[in-house]
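Colleague: For reference, the structure I am asking about is given below.
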């Protein structure tokens, strides 16, 4: 998917499965819009998710509806579907891509690309990376083994520590207070 043009400027993308959307997803998206002064940030949900079994996820349509309901009070946030799977492909046409430290570790694995050189080429296609801390995953400034290849720009976001352990897996396991609810509900 190539992002449609923004009428006034900068747009970002936040790829993920969002099954279900969490308060941390919404927090991180809102923080990114504010920090980078984006006109729009798209939650991009892939029909073919790498590293997950798509048949075990809720429908893409339901996840889009749920995310749009949870962010209805913020016109800069919108959920969209994409047919792409690799982050470098999903991020084409965007100015910023949002990922968590756990995803950063995953995308550094050369196995997704066929080798280190292919990985580095794909990562250099990414726009600025807005990277969110997610303990226990290490960050590039603290762990040289997860430093980006030359030519890849990362901005570490100062997220609310209360959101760092929030996960969709936790919601599915019963932490319902972590689920992103439709705007106006708390």
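Colleague: Out of all the residues in region 83-100, which are farther than 19 Å from residue 33 by Cβ and part of a strand (DSSP E or B)?
Modeller: Within region 83-100, no residue meets the criteria.
Colleague: Only one of these is assigned to a loop (DSSP other than H, G, I, E, B), on the phi > 0 side of the Ramachandran plot and either crowded, with 23+ Cβ neighbours inside 10 Å or at pLDDT below 90 (or both): 51, 58. Name it.
Modeller: The unique qualifying residue is 51.
Colleague: Filter region 161-186 for residues that are in a loop (DSSP other than H, G, I, E, B) and within 16 Å of the chain's Cα centre (by Cα); which is surrounded by the most Cβ atoms within 10 Å (Cβ to Cβ)?
Modeller: 180
Colleague: If residue 155 meets every condition in (1) within 17 Å of the chain's Cα centre (by Cα); (2) surrounded by 16 or more Cβ atoms within 10 Å (Cβ to Cβ); (3) modelled with pLDDT of 95 or more apart from one, which number is that one?
Modeller: (2)
Colleague: All but one of (1) part of a loop (DSSP other than H, G, I, E, B); (2) modelled with pLDDT of 95 or more hold for residue 136, so report the exception by its number.
Modeller: Going through the list (1) part of a loop (DSSP other than H, G, I, E, B); (2) modelled with pLDDT of 95 or more, residue 136 breaks only (2).
Colleague: Here is a follow-up. Could you tell me whether region 119-126 includes any residue that is over 17 Å from the mean Cα position of the chain (by Cα) and at positive phi?
Modeller: no
Colleague: What number of residues in region 142-152 are part of a loop (DSSP other than H, G, I, E, B) and more than 20 Å from the chain's Cα centre (by Cα)?
Modeller: Selection size over region 142-152: 4.
Colleague: Out of all the residues in region 69-90, is one or more under 11 Å from the mean Cα position of the chain (by Cα) and at pLDDT 90 or above?
Modeller: yes
Colleague: Give me the residue from region 11-20 that is more than 14 Å from residue 100 (Cα to Cα) and either outside any loop (DSSP other than H, G, I, E, B) or in contact with a strand residue (DSSP E or B) (Cβ under 7 Å, 6 or more places away or on another chain) (or both) and, out of that set, modelled with the lowest pLDDT.
Modeller: Restricting to residues being more than 14 Å from residue 100 (Cα to Cα) and either outside any loop (DSSP other than H, G, I, E, B) or in contact with a strand residue (DSSP E or B) (Cβ under 7 Å, 6 or more places away or on another chain) (or both), the top hit is 20.
The values are calculated or read from the model by the stated rules, or taken from the named source; none is laboratory data. Bear in mind the structure is a predicted one, so any value in this text is a computation, not a measurement. In this analysis, Cβ positions are derived from the backbone assuming ideal geometry, glycine residues included, and neighbour counts consider all displayed protein chains.
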